[in-house]
Amino acid sequence: MIRSSASRREIEDRFINEWGLLANAWGVSPLLGRIHGLLLLMGRPMTAEEVCERLDISRASASVQLNAILGWGLARRMYLPGDRRQHYLAEPEPWTWFRRAVRVRKEREFDPVIAGLNEAAAEAQHVAHSSGDTDLGGEAERLAYLLKFVRLFFGGIETFLQIEPGALQAFLKLADEEKPDG
């Protein structure tokens, strides 16, 4: 057996902390990411108490973040036979939880913005037309053009979410192989 210079705990901590940084880069709480990383890494149902102990966090923090993890569809709540405590188990398939997270984020954050942009563009067009304001008419045209781009972009995300994971993996692998070295 090869002896590693890093202990198992150090390796786990590094992964958990890096997963928290990745979550933060997505605009999600680093603690949510750390808890999700822990659940992924352990690969077994864990109680909130186990999460608190392992990450050295408060029960209140764990509760808030575990509920958020459930809301994002990254894990599920379950009960084990003979144990009245709630356990949390991460969705083990990355393509499944990634697609859920993207869909939730789109619905919660982007769809309302798109609706607001639609309203702004429609109002600009209406006021420009009814008032004869040519400057506002130009702005309304630019808004309509930008809105078309935004709709196309988010339509692409919706298409992405509907592609079967196997086909998506094959496409991304092919795209990665097509990249020039360096």
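The values are calculated or read from the model by the stated rules, or taken from the named source; none is laboratory data. Predicted model only: the values in this text are computed from it and were never measured. All Cβ positions, glycine included, derive from the backbone under ideal geometry; neighbour counts span all protein chains shown. The accessibility values were calculated without ligands, DNA or RNA, using every heavy atom of the protein model including side chains. Shrake-Rupley method; radii C 1.70, N 1.55, O 1.52, S 1.80 Å.
Take the conditions (1) open to solvent by less than 50 Å² (accessible area, probe 1.4 Å); (2) more than 18 Å from the chain's Cα centre (by Cα); R105 misses just one of them, which is (2). Inclusion of W97 among residues that are in a helix (DSSP H, G or I), within 16 Å of the chain's Cα centre (by Cα), closer than 30 Å to G155 by Cα and modelled with pLDDT of 95 or more is not warranted.
What do you reckon, is P112 outside any helix (DSSP H, G or I) and either surrounded by 12 or more Cβ atoms within 10 Å (Cβ to Cβ) or on the phi < 0 side of the Ramachandran plot (or both)? Spelling it out, it is not the case that P112 is outside any helix (DSSP H, G or I) and either surrounded by 12 or more Cβ atoms within 10 Å (Cβ to Cβ) or on the phi < 0 side of the Ramachandran plot (or both). Has the range 13-24 got any residue that is of a type in the set (G, A, S), farther than 20 Å from R99 by Cα, open to solvent by less than 80 Å² (accessible area, probe 1.4 Å) and at pLDDT below 95? No - not one qualifying residue is present in the range 13-24.
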